[in-house]
1. I'm checking my understanding of the structure. Among residues of the stretch 163-198 that are in contact with a strand residue (DSSP E or B) (Cβ under 7 Å, 6 or more places away or on another chain), of a type in the set (A, V, I, L, M, F, W, C) and within 22 Å of residue 291 (Cβ to Cβ), which one is surrounded by the fewest Cβ atoms within 10 Å (Cβ to Cβ)?
2. Could you grab the pairs with beta carbons closer than 7 Å, sequence gap of 6+ or different chains, first residue in the stretch 288-312 and in the same structural domain as residue 271 (by TED's automatic domain parsing), second one β-branched (Val, Ile, Thr) and in a helix (DSSP H, G or I)?
3. With 160, 137 as the choices, which residue is over 17 Å from the mean Cα position of the chain (by Cα) and under 24 Å from residue 285 (Cα atoms)?
4. Might you check whether a residue that is without any contact (Cβ under 8 Å) to a residue 40 or more places away in the chain, within 15 Å of residue 225 (Cβ to Cβ) and surrounded by 16 or more Cβ atoms within 10 Å (Cβ to Cβ) occurs anywhere in the stretch 273-285?
5. Could you list, in sequence order, the residues of the stretch 230-262 that are among the small types (Gly, Ala, Ser) and within 23 Å of the chain's Cα centre (by Cα)?
6. Please work out if residue 136 is farther than 28 Å from residue 203 by Cα, without any contact (Cβ under 8 Å) to a residue 60 or more places away in the chain, in a loop (DSSP other than H, G, I, E, B) and among the polar types (S, T, N, Q).
7. Assess whether residue 118 counts as being modelled with pLDDT of 95 or more and surrounded by 20 or more Cβ atoms within 10 Å (Cβ to Cβ).
8. Among the numbered criteria (1) surrounded by 12 or more Cβ atoms within 10 Å (Cβ to Cβ); (2) of a type outside the set (Asp, Glu); (3) more than 20 Å from the chain's Cα centre (by Cα), which single criterion is violated by residue 91?
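The values are calculated or read from the model by the stated rules, or taken from the named source; none is laboratory data. Just so we're clear, the structure is a prediction, and the values are computed from it rather than from any experiment. Virtual Cβ from ideal backbone geometry, glycine too; neighbours counted across all protein chains shown.
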Amino acid sequence: MRGLLVAAFGCIFSVQAALAAEPVFPPASRVGIVPLDDMVMSKRFSGFENSEKATAITFAEMPPEAYDQLVAGLTKDALKRQGLAVTARENLKVGASSGLLISGAMTGPIKGRKWVLAVKGADMTALLIAQVQGGNDGYSEQEMRKALTSVALRGPVSLDEQISALPFRIGDRAGFRPVRVLSGNSVLLTDGPLDTVKAVEQPVVILAVSLAPPPPTTDQRERFARAALVSNQSIKEVAVERAESFRFKGQDWHETVAKAVDTASGEPIIVMQTIRFEADRYVRMVGIARVAQRAETLPRFRNVIDSIDMAL
């Protein structure tokens, strides 16, 4: 009898261990992992984190055709320019999927260790970025590798579910409709029948919540806003018409309106960038339209960002 009881308890514990090892998917995410001990689902981005150990694993989803281009761009020199000194690069299989795992040391102002995992699924590409800030008192190399290689991909999630999982709510879409959610913290909207806008055929709006605290002073925020605008590779020849900081609804804001050129098509465009700063995060809106649509679209862009309500 005792042997039967031991076997029964052993079976129960085995089942519990198996259940505990199941991948966990953030709301509306097609990417999941088996999180490490003490890691929790982030409320700031799609992924998991442990603030006490200064550790985060973020997820991003892309089309399947993006994998080859993504991997080709993850060169040692390119990553070095982005503050990652590569120490290891490995092609591997993750379940039935192919992947590339890169690890190295963070060389920017914030020191630590970093991992980049690209995974090619049947109908999507997943990008996982993990980092442990500081020394070696956080998770070990083996633990981080175990978490990353536990990645699992699931089937499509409805757009409505993805929008409901965003860390903000849009009170007034101003006639725009959502077409895509990115990285669990941003959404692309447009006005027109096309879901993919290639030559600014339709106005587009991108709303995103930051993953990091904003710059603390007004001068720093103005420089940050300028740098954010000109670093947008989809536009070029940026000529600022208006840039101003102001207080609205008890918060600090910065807004820029500029003329530019669409990089892909050469079409002259008008760009509005509005950033709403909070104590520990910021919301950024970028609206783009053809110059001829300026008068009707700029007020609508502003209506969208004015209506944002932070969900968390």
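1. 197
2. 289/297
3. Values: 137 fails: under 24 Å from residue 285 (Cα atoms).
Within the list 160, 137, the selection yields 160.
4. yes
5. Answer for the stretch 230-262, where residues must be among the small types (Gly, Ala, Ser) and within 23 Å of the chain's Cα centre (by Cα): 231, 234.
6. Against the criterion (farther than 28 Å from residue 203 by Cα, without any contact (Cβ under 8 Å) to a residue 60 or more places away in the chain, in a loop (DSSP other than H, G, I, E, B) and among the polar types (S, T, N, Q)), residue 136 qualifies.
7. Numbers: modelled with pLDDT of 95 or more: yes; surrounded by 20 or more Cβ atoms within 10 Å (Cβ to Cβ): yes.
For residue 118, the condition - modelled with pLDDT of 95 or more and surrounded by 20 or more Cβ atoms within 10 Å (Cβ to Cβ) - is met.
8. (1)
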